[in-house]
Every structure is written in C-alpha cells, then in structure tokens.
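Participant: Quick one: this structure, given as structure tokens, is what I'll be asking you about.
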Amino acid sequence: MGRYLVIGLATRIAFNKKEAETALESVEKAKNHVTEKYAPLGVYDMTEEEDYVTFKLKDNLLEAELKDFLRDFYSDRLSFGSQSKEGESILSALEKTQTADDILSLANEKSWEHFQFDPYWDYNYVEGKWDEYMKLYIEGIDLSVDGKIMMECTNGLFEYFAFLLREKYKNHLLSKTLHVTISG
C-alpha cells in the first residue's frame, strides 16, 4: 500500500489536553491556537471531555454548502477524462442526501476515489515551548486522491496546482509560465 497526496475536508480535529498543557502551557492557549489556525468556531463546534478537546464540522454547514462547494471544486480539480465523470457521479449521489449523517454515510461507503472517509490522515504538529509539540488528530473526507503513478500518468493534479498558482500570482505576467511536475 502506497502513500497518497490528498486534498480533503477536515470533519473532526482533536487534541490531547495533557499535550496541550506541556507544549502550549494551557488548554486555553491550545484552544485559541486551534480556533485561529485550523478550526474557526463559525465552522466547527467545540466540545471538551476529560482528556480531549474536539472540534467537529458543523452539520448545518456541511448540509448547506457541500454540494455547491464540490460543484466548484470538482469543475476545477476533476475537469478532464474519466475523473469528470466521477465528479458528476458523486454530485448526483449527494443530491439524494438530506442530512450531515447521510453525507458522512455516503463518504463511509467509499464508492469513489475522490469522495471517501479516510482514516489514514496524518497528525499535524503544533510547535510549542522548548521543542515540545502537541498533535492535532484530524479525520475527514478525501476530495482528491492521487498516488505518484497516477500523478505522473494524468498530470491532473499538477494542472490543478498550476492553475491555483497562476491565479494566486496573476498580477505577475510570469505566473502564466508556471508549471508543476515531478522531476528527476
């Protein structure tokens, strides 16, 4: 089993309180850091338990915005060949969903490469004092999944990154020359 480059929606983010106290001096500082950098409270609900603080993507946001967001995202990211048909298939299935639970159930079915729940996301490390780190445990829905061979064969992901870079730096004429590839 290989490793994949994934673009996805983080549906749940959590951190351990003891790690937060060690790395960032307090749970409150950790909560502030996470809400500023990773999980704004307008997007996530925060709950606190004995050992963990968890941020869960708001159900009403997922229900209200996912379909329109994916329509835009897939029109850019999956705009070529058989991948465009996968995007259309995903959007068609999502039209039949009503609730956040329906959407998450659909992702758990893993019927599509570019729309599936992924239990393998890595941790993000938040650097604290004295070379201490706090792990952010993140899980979510993959929206774009590419292994090295697929990236080399189709160039779809590279074209998407080049498009984003050209848009970001469009005030520079040289941005039109940007190209993304694997070299070596």
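No value in this document is a laboratory result; all are computed from the given coordinates. This structure is a prediction, so every number in the text was calculated from the model and none was measured. Virtual Cβ from ideal backbone geometry, glycine too; neighbours counted across all protein chains shown.
Participant: Among all the lysines, which ones have a C-alpha under 24 Å from LYS31's C-alpha, if same-chain residues fewer than 8 places away are not counted?
Facilitator: LYS17, LYS18, LYS56, LYS58, LYS129, LYS135
Participant: Place +1 on the Cβ of every Lys and Arg and -1 on the Cβ of every Asp and Glu in the range 96-184, take the dipole about the Cα centre, and give the residue among LEU164, PHE115, SER175 whose Cα lies farthest towards its positive end.
Facilitator: SER175
Participant: Please give the length that would be gained between TYR52 and PHE69 if that part of the chain were fully extended, namely 0.36 nm times their separation in residues minus their C-alpha to C-alpha distance (nm, one decimal).
Facilitator: This chain segment gains 3.1 nm when fully extended.
Participant: If you don't mind, there's one more thing I want to ask. Taking the range 123-184 on its own, what percent of its Cα-Cα pair distances exceed 12 Å?
Facilitator: Of all Cα-Cα pairs in the range 123-184, 76 percent lie more than 12 Å apart.
Participant: Another question about this same structure. So how far apart, in nm, are the two label points at SER79 and SER92 if each is 7 Å from Cα heading toward Cβ?
Facilitator: Each label point is offset 7 Å from its Cα along the Cβ direction, giving 2.3 nm.
Participant: Nearest 500 deg cm²/dmol is fine: what mean residue ellipticity at 222 nm does the chain get from its DSSP H runs of n ≥ 4 alone, each adding -39,500 (n - 2.57), divided by its residue count?
Facilitator: When only DSSP H runs of four or more count, the value is -14000 deg cm²/dmol.
Participant: Could you grab the Rg to Rh ratio for the range 66-130? Cα atoms only, Kirkwood for Rh.
Facilitator: Value, to two decimals: 1.12.
Participant: Quick one: if you take sqrt(5λ) for each eigenvalue of the C-alpha gyration tensor of the range 1-67, what semi-axes come out, biggest first, whole angstrom?
Facilitator: The answer is 24, 17, 10 Å, longest axis first.
Participant: For ILE7 paired with VAL180, estimate the spin-label separation in nm (one decimal), with each label point 7 Å from Cα along the Cα-to-Cβ line.
Facilitator: Each label point is offset 7 Å from its Cα along the Cβ direction, giving 0.7 nm.
Participant: Per the Kirkwood definition applied to all pairs of different Cα atoms, how many angstroms is the hydrodynamic radius of the chain?
Facilitator: Kirkwood radius, the chain: 18.4 Å.
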